[in-house]
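Trainee: After the structure tokens below, expect a handful of questions from me.
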Amino acid sequence: MSNKQPKPVLTGQRIRTRKRDEKEKYDPNGFRDILVNGLNDINVSNLDEVTKYLDGAGSKLDYKRYWETLFDILLAGGILAPGGSLLQDDDKKETTISKFCLFSAEETTEAIKGVAMVFQRLTRRYRYLGKKLEDDEMKKILSFLKTFSQSERNKLAIFTGLFLCTGDNPAKCLESLYTETLVKEGISLEFFKVMFHTWLGEKDMSSIANVLRKASMDRRLLEVIPSTKRSEEYFEKCFNEAGLDQLVTFQRNMLHDDNKNSFMTELKELMEKENPPTAKELVGICSEMKTKTLLSEPEVVKLIWNCIMDIVEWNKKEELITDQALRHIKPYAPLLAGFTSQASTELTLLYEIQDYCYTNISFMKTFQKIVVLLYKTDVLSEETILKWNKEIHVGKGKSVFLNHLQQFVEWLENAEEESDEDD
């Protein structure tokens, strides 16, 4: 008998890759050739025909895989290489360019509207394309502005204005315009002028402000100015000359709001210090801040009042709030008095107190005692209180506050009559 061991044999099953599981080769050039040839074979001046062709091509071509190539063709006429130039095949003498694209359209709002309409219909038909256009393609093509001609930039600016005016598309794509090179060379500034001119032709400034605010772009408008010229004055000059006075007003209001927030933040920090400045010292500090921020006296007194009421944690028991409020407000009376030099400012403060007490319902019964306190500390004059009583325009809690203050008002009127008799 032989003791020779048998040779090992490989066991198992050879798994063959099925044809359906084989990955198709990624071929954007092939996709481009088919799409461009198809577009060039139709009447591209007929936008309905273009839309019909693109709609039908989506069932044969893989838009989901080649979305970037698709948008490059519809915007620039071909595939965009890194940097923004059209990609040319090594084996071809000329680049295949589509007759239908944004850059081949006339440089007019009406012509660009036609292109935008084709995009809108396509992204509504294929929803996933809309997201890719918003999040990726627009950001990419805006970053290539330096490579494009001035005419192409203008067409893209008009298209972007129309793209954003629907309100459905976020303005995050505008982040690409804040790159150092585009800002430094003034390309972003010129783009903004054309874009906002188109946008304002379609929507009002409040609608535009909402879109910018959602994308956190509303406070970055000044950054589009080259750093060597960046100032509010230069911004206003540029955009006023471009006929964009609404944008200038919006920017001015934004700066004004920022100044008010800055004033309030700084004052709160001073008040909340372990050893805060006295009320008289705060008058000097607030005067300097008022000059610096270009705020009016009525605006300042409203901010001071809100700071006074915000820095304290109020008692949850309503019956104890009145005493707490009077003890808290009284030391700040000289500060309020320092910014109520005019009767109109006193009236503004009185309306603000009324609004605060109405909004914070636990202060409803405290309103009358606050008014009396500020009268005794020479913040509110007799004339202002009587005027408020007779000519009250703010309707918040009107009847309740009039009723609470009735006895004090009658006392003031009687005192005035006795004074007249003595004279």
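Trainee: Each residue of region 102-112 in order: what ³J(HN,Hα) in whole Hz does its phi give by Karplus 6.51 cos²θ - 1.76 cosθ + 1.60, θ = phi - 60°, with x for Gly and Pro?
Mentor: Residue by residue, region 102-112 yields 4, 5, 8, 6, 5, 7, 10, 4, 5, 5, 5 Hz.
Trainee: With the chain treated as a Gaussian network of Cα nodes joined by springs under 10 Å, which of G338, G77, G30 yields the largest mean-square fluctuation?
Mentor: In this elastic network of the chain, the residue with the biggest mean-square fluctuation among G338, G77, G30 is G30.
Trainee: Work out the FRET efficiency for K260 and K376 from their Cβ-Cβ distance, taking R0 = 35 Å, and round it to the nearest 0.05.
Mentor: On the way: r = 29 Å, r/R0 = 0.84.
It comes out at approximately 0.75.
Trainee: Can you work out the FRET efficiency for the pair S399 and D136, with r the C-beta to C-beta distance and R0 = 56 Å, to the nearest 0.05?
Mentor: Numbers: r = 59 Å, r/R0 = 1.04.
Efficiency at R0 = 56 Å is approximately 0.45.
Trainee: Here's another thing I want to ask about it. For the chain, with the dipole built from +1 on Lys and Arg beta-carbon atoms and -1 on Asp and Glu ones, taken about the Cα centre, which of L255, L80, F196 lies farthest toward the positive end?
Mentor: The Cα lying farthest towards the positive end belongs to L80.
Trainee: For region 48-142, with all protein chains present and a 1.4 Å probe, just round the carbon and sulfur fraction of the accessible area to a whole percent.
Mentor: Numbers: 2280 of 4820 Å².
Its accessible area is 47 percent carbon and sulfur atoms.
Trainee: Let me ask something else about it. What does the extension gain come out to for A57 and E233, with contour length at 0.36 nm per residue minus their alpha carbon separation? Please report the intermediate quantities before stating the final value.
Mentor: Numbers: separation 176, 0.36 × 176 = 63.36 nm, distance 5.17 nm.
Using 0.36 nm per residue and subtracting the Cα-Cα distance, I get 58.2 nm.
Trainee: For D48 paired with E68, estimate the spin-label separation in nm (one decimal), with each label point 7 Å from Cα along the Cα-to-Cβ line.
Mentor: The answer from the label model is 3.7 nm.
Trainee: May I pose another question? Residues with amide H under 5 Å of L80's amide H, sequence separation 5 or more or different chain, H placed in the peptide plane at 1.01 Å from N; which?
Mentor: Distant-sequence amide H within range of L80: L87.
Trainee: Cα axis of helix 297-310 to longest principal axis of the chain: angle in degrees, 0 to 90, nearest 10?
Mentor: Compared with the principal axis, the helix lies near 90 degrees.
Trainee: Is the C-alpha gyration tensor of region 232-343 telling us rounded, prolate or oblate? Criteria: a/c under 1.5 is rounded; beyond that, a/b larger than b/c is prolate, otherwise oblate.
Mentor: Working: a/c = 2.80, a/b = 2.27, b/c = 1.23.
Prolate.
Trainee: Helix-only mean residue ellipticity at 222 nm, the chain, DSSP H runs n ≥ 4 weighted -39,500 (n - 2.57), per residue, nearest 500. What is it?
Mentor: Values: 20 runs with 254 residues, N = 423.
The helix contribution divided over the chain gives -19000 deg cm²/dmol.
Trainee: What ranking of H328, H404 comes out by heavy-atom accessible area, probe 1.4 Å, highest first?
Mentor: I get H404, H328, largest accessible area first.
Trainee: Using a 1.4 angstrom probe and counting only protein chains, how large is the accessible area of E223 in Å², to 10?
Mentor: Here the residue's solvent-accessible area equals roughly 70 Å².
Trainee: Now, a different point. How big is the gap, in Å, between the Cα center of region 304-349 and the Cα center of region 109-168?
Mentor: Answer, in whole Å: 53.
Trainee: I want to make sure I understand the PRE zone here: with the label point 7 angstrom from the Cα of W314 toward its beta carbon, which residues in region 325-342 have backbone N atoms less than 14 Å away?
Mentor: Under cut-off, by backbone N: 325-329.
Trainee: Just to confirm the number: angle between the C-alpha axis of helix 67-76 and the first principal axis of the chain, 0 to 90 degrees, nearest 10?
Mentor: 80
Trainee: Enumerate the calculated ³J(HN,Hα) couplings along region 133-148 in order (Karplus 6.51 cos²θ - 1.76 cosθ + 1.60, θ = phi - 60°), each rounded to whole Hz, writing x wherever the residue is Gly or Pro.
Mentor: 5, 5, 7, 10, 5, 5, 4, 5, 5, 5, 6, 9, 3, 4, 6, 7
Trainee: If you don't mind, another one. GNM, the chain, Cα, under 10 Å: largest mean-square fluctuation among Q88, Q342, Q251?
Mentor: So, out of Q88, Q342, Q251, the one fluctuating most is Q342.
Trainee: Would you indicate which of [x] 39, 30, 19; [y] 47, 29, 21; [z] 67, 30, 21 is the value of semi-axes √(5λ) of the Cα gyration tensor in Å derived from the coordinates of this structure?
Mentor: [z]
Trainee: Another question, if that's okay. Students often get this wrong, so check it: of K60/K140; K268/K390; K25/K52; K184/K290; K237/K396, which have C-alpha atoms separated by over 31 Å?
Mentor: Details: K60/K140 26 Å; K268/K390 35 Å; K25/K52 28 Å; K184/K290 34 Å; K237/K396 42 Å.
Violating the 31 Å Cα-Cα cut-off are K268/K390; K184/K290; K237/K396.
Trainee: To continue, here is another question. Rounded to the nearest 20 debye, what is the charge dipole size of region 60-196 about its Cα centre when +1 sits on each Lys and Arg Cβ and -1 on each Asp and Glu Cβ? If you can, show how the numbers build up before the last one.
Mentor: Values: 21 positive and 20 negative charges, 108 e Å.
Roughly 520 debye for region 60-196.
Trainee: Report, in degrees rounded to the nearest 10, the 0 to 90 angle that the Cα long axis of helix 382-391 makes with the longest principal axis of the chain.
Mentor: 60
Trainee: Note down the nm distance, to one decimal, between modelled labels 7 Å out along Cα→Cβ at D168 and at N40.
Mentor: 3.2
Trainee: Right, another one. Between Q88 and R220, what FRET efficiency follows from the Cβ-Cβ distance if R0 is 22 Å, with the result rounded to 0.05? If you can, show how the numbers build up before the last one.
Mentor: Values: r = 37 Å, r/R0 = 1.68.
My answer for the efficiency is 0.05.
Trainee: Same structure again: Please give the per residue accessible area of the chain, computed with a probe of 1.4 Å over protein heavy atoms only, in Å².
Mentor: Numbers: 24100 Å² over 423 residues.
That works out to 57 Å² for each residue.
Trainee: Related question: For I285 paired with D204, estimate the spin-label separation in nm (one decimal), with each label point 7 Å from Cα along the Cα-to-Cβ line.
Mentor: For I285 paired with D204, the spin-label model returns 4.1 nm.
Trainee: Using the Karplus curve 6.51 cos²θ - 1.76 cosθ + 1.60 with θ = phi - 60°, what ³J(HN,Hα) values do you get for each residue of region 163-178, in whole Hz, with x for Gly and Pro?
Mentor: Here the 3J(HN,Hα) series is 4, 8, 5, 5, x, 7, 9, x, 8, 4, 4, 5, 4, 5, 7, 9 Hz.
The values are calculated or read from the model by the stated rules, or taken from the named source; none is laboratory data. Note that the coordinates shown come from a computational prediction; the quantities given were computed from them, not determined experimentally. FYI the Cβ positions are ideal-geometry reconstructions off the backbone, even for glycines, and counts take in every protein chain you see. Ligands, DNA and RNA are stripped out before the accessible areas are found, and what is left, the full protein with its side chains, is counted by its heavy atoms. Shrake-Rupley method; radii C 1.70, N 1.55, O 1.52, S 1.80 Å.
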